[in-house]
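The values are calculated or read from the model by the stated rules, or taken from the named source; none is laboratory data. Since the model is a prediction, treat every value here as computed from it, not as a measurement. Quick reminder, even Gly has a Cβ in these numbers, built from the backbone with ideal geometry, and neighbours come from all protein chains shown.
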Amino acid sequence: VITIASTASAADAAHLMGLHGIHILPVVDGPTLTGVVTRSDLLRLFTESAWRCGACQASIFGLAPPERCPRCNAQDLVRDHGG
């Protein structure tokens, strides 16, 4: 059984799921099962994680901000909380 530690990041979980072609990943803390993460959980997190470029106002989706805006190459990226 492929598992992931409760301290791992969402990006680590996505990588493991993609690498092994699985859709559900048990989350463990040592020998104890603490939950599961699903592909749907990660997709929801990804689509709700937006970054806004301060220069051109482009929205970029991802679990972590890119180093530069793919539209204008600026480095001024902040979390977009919507609204």
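Numbers at a glance
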{"item": "Leading residue by the ranking (modelled with the lowest pLDDT) among those in region 71-83 that are surrounded by 11 or more Cβ atoms within 10 Å (Cβ to Cβ) and either farther than 21 Å from residue 10 by Cα or in contact with a Leu (Cβ under 9 Å, 6 or more places away or on another chain) (or both)", "result": "76"}
{"item": "Those residues of region 69-83 which are part of a loop (DSSP other than H, G, I, E, B) and either basic (Lys, Arg) or touching a strand residue (DSSP E or B) at 6+ places or on another chain (Cβ under 8 Å) (or both), in sequence order", "result": "69, 70, 71, 72, 74, 76, 82"}
{"item": "Qualifying residue in region 33-48 (condition: in contact with a Lys or Arg (Cβ under 7 Å, 6 or more places away or on another chain) and modelled with pLDDT of 95 or more)", "result": "no"}
